[in-house]
Amino acid sequence: MKHLPNLITLANLFFGCCAIVFTLTSYPYFTVVGTEGQYMQIQGMDKMYLGSLFIGLAAVMDMLDGMAARLLKVSGPMGKDLDSLADVVSFGVAPGVILYQLLWRAYMMEPNAMQTSFWVTAPALLLPCFAAYRLARFNNAVQDFKGYFLGMPTPAAGISIAVLPLILFFEYDIIGKYLEYRAILYILIAVLCYLMVSHIKFLKWNSGKGGVSGFWPQLVIIGGALVSMLFIGFGGLLVGFFLYIICSLVYKYPAHFNDTTPETAEI
């Protein structure tokens, strides 16, 4: 039983790899139509949302391995390092590949799309680089604070990107069409990379001052996401993500949140 948390972490890594495979096998392509060699865009990215689902499964495993470790009272540097390695893949590389495909798709919507250079889509690969740095800093931190993270946790950043294909394919007419604007994608990449390596305080999900009033950020995030989903579907999950950022910025952290805790995984 002592190996159960590590097995769950490996399941996290497995699902992250599956997300990469499904995302890479979804790509926009052209077919020749007419007698003059005209091109018509074909949306050949129907499997990308499966990548999102596998990142979601990886997130569930990332939550369960920490719970299993606490219940079984097993911990150690190997488990922490393994968790971070899995997170780099599931919430760094896999979302980075999604961003790469979305940028590629955005450029394919424009004239001379076939001449698109790799380097205009390469910024998407900065996400896994910053995620790796974020996790390395977390693993080597002198202390871990009880009520908050310093910098956005990598899983939160990765999950926010995983929502985008769901929005693109299921909520296109509402907000998905805005993902065709590459400027929005570039801004999103820059913001997430900065937030992950910043020293801004971000709430831990299980932190609170006690009672319903003490957990108001969590209630605002969940309530806002659920209400938004009634109007914009999967876009409501993205609203919840933005509410998480806002609540983390405005929340007044009590003094005991600065207490240190034993080394734990970033969840």
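Read-outs throughout are calculated quantities, based only on the coordinates presented, and are distinct from any laboratory measurement. It should be emphasised that the depicted structure is a prediction, and the values quoted were computed from it without experimental measurement. Virtual Cβ from ideal backbone geometry, glycine too; neighbours counted across all protein chains shown.
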Interchain or long-range residues, amide H under 5 Å from residue 148's placed H: 204
Nitroxide proxy distance, nm - points 7 Å out along Cα→Cβ at residue 198 and residue 63: 2.5 nm
Residues with amide H under 5 Å from that of residue 201, placed H, sequence gap 5 or more: 151
Net +/- balance of residues flanking residue 165 in space, Cβ distance below 15 Å, scoring K and R +1, D and E -1: 0
Label-point gap, in nm, between residue 216 and residue 187 - each point 7 angstrom along Cα→Cβ: 2.9 nm
Cα-Cα over 30 Å, subset of 2/204; 73/201; 73/204; 2/47: 2/47
Difference of contour (0.36 nm per residue) and Cα-Cα distance, residue 129 to residue 74: 16.8 nm
